[in-house]
Amino acid sequence: MRKIKLFAKIIGILIIIGSLYVGFLISKKYYNSYTAMESLNSTVLGIEIKPTDIQEAKRLKQGQILSKKLINLSEIKPLWNKVAKNDTLIDNFKHLNDINFFSITYKSDSLLVNGIIAEPKKEGKFPVIIFNRGGNKEIGKVAKAKTLYSLVYGTSKLVKEGYILIASCYRENDEFGGEDINDVLNLTETTKDVEKADPNRIGMFGWSRGGMMTYLALKKSNLITTAVVGNGPSDLSELIIDRPEMETEVCAELIPNYKENKTEELKKRSVIYWADKLDKNASLLILCGTEDERVKPNHADRIAQKLTSINYDFTLKKFKTDHAFSNKKDELNALLITWFKEKL
């Protein structure tokens, strides 16, 4: 009996120690994240929209840029420390030397919305790719940082090949595919405000939540020549069954009138129900990670079946990888470059 009690005490102590250690690791992670975000305050990403800016924006047209500020990547320490060593870009990111990144504020509806532009340093007129990032709820410098990270890590090699990338940070009152889709659509007008951009050649690329935004854009606009969707949900009602937290933490919190109009609001954001409304003059590439646990492969399979039935111009490509294409980055970049060169 004494041995059992002693053993139980030891187990109890080990559990306490383990819990404290896990708590320490979690606290450290959040502390590092907090300090990283706080470090952005002294950078371009830390500049906030002022009441006077909102007044000035009343004279702007939809999509018109109010402010455009060059981003010095070396000042964005959380990012710079991952792409550079001893203040020199590592091999896989040396192409960033040929790219200028800008933080912009532009008009969308009656609002001012933040965005990021990446363009070649060389002179010329370049086709535009509107990039729709994943995620939700981010605001201010956090949204700008996440959008910048997405461009640097996921799409910046397209800029090296002669494209301009424009990405919305989405409005701060995120509706997860509601009125915030206008923040994406209005970027087609923003292209007219970018000197190096060719507003007659516009493509689009969306990942995860950004895939949903891309489908919505193809439904509401005929200005997008070609689009790429990576691991994007095609049916939100199915998504919230697979991941109940997406309903409680995202849909129910962000989608207006969700409780009263759940079925209708989910359908509004689910391309599977209105695929026949997509711009028929556009082409579409759907990318699917077969090991994706966040947006399962059946989302790509179902929309592919639907698009086939209506004879839509699309291609489905599958890869043995996860939601972020973690082990397929080089293949992904090569595929994107080839697709846009052929289609845009």
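The values are calculated or read from the model by the stated rules, or taken from the named source; none is laboratory data. The structure displayed is predicted, hence computed values, not measured ones. With ideal geometry, Cβ positions are generated from the backbone for all residues, glycine too; neighbour counts draw on all protein chains shown. Calculation scope for accessible area: heavy atoms of the full protein, side chains included, ligands and nucleic acids excluded. Shrake-Rupley method; radii C 1.70, N 1.55, O 1.52, S 1.80 Å.
Within the assembled protein chains, the solvent-accessible surface assigned to residue 238 is about 40 Å², based on a 1.4 Å probe. With R₀ fixed at 41 Å, the C-beta to C-beta distance from residue 198 to residue 290 puts the FRET efficiency at about 0.70. Averaged per residue, the chain has 50 square angstrom of accessible surface, using a 1.4 angstrom probe with ligands and nucleic acids left out. In this structure, the pairs whose alpha-carbon distance is over 20 Å, taken from 296/318; 306/341; 122/157; 69/121; 125/160; 196/219, are 306/341; 196/219.
Note on residue 94: aspartates and glutamates with a C-alpha under 14 Å away, same-chain residues under 8 apart excluded, are 161.
Computed in the context of the full set of protein chains, the accessible area of the chain at 1.4 Å probe radius has 53% of its extent on carbon or sulfur.
Dipole check for the chain: with +1 at the C-beta of Lys and Arg, -1 at the C-beta of Asp and Glu, and the Cα centre as origin, the magnitude is about 880 Debye. For region 212-344, the mean projected area of the C-alpha convex hull, equal to one quarter of the hull surface, is 8.1 nm². Listed by chain and number, the aspartates and glutamates whose alpha-carbon sits under 12 Å from that of residue 259, ignoring those within fewer than 8 places in the same chain, are 247. Antiparallel beta bridges, as assigned by DSSP with both residues in the chain, represent about 45 percent of the total such bridges. Computed on the Cα atoms alone, the convex hull of region 98-223 gives a volume of 89 cubic angstrom per residue. Straight-distance candidates among the aspartates and glutamates for linking to residue 85, with alpha-carbon spacing under 20 Å and chain neighbours fewer than 8 residues away dropped: 75, 98.
Determine the order of 144, 259 by accessible area, beginning with the largest, at a probe radius of 1.4 Å.
259, 144
Each principal axis of the Cα atoms in region 277-343 has its own extent, and those three values, largest first, are 33, 28, 13 angstrom.
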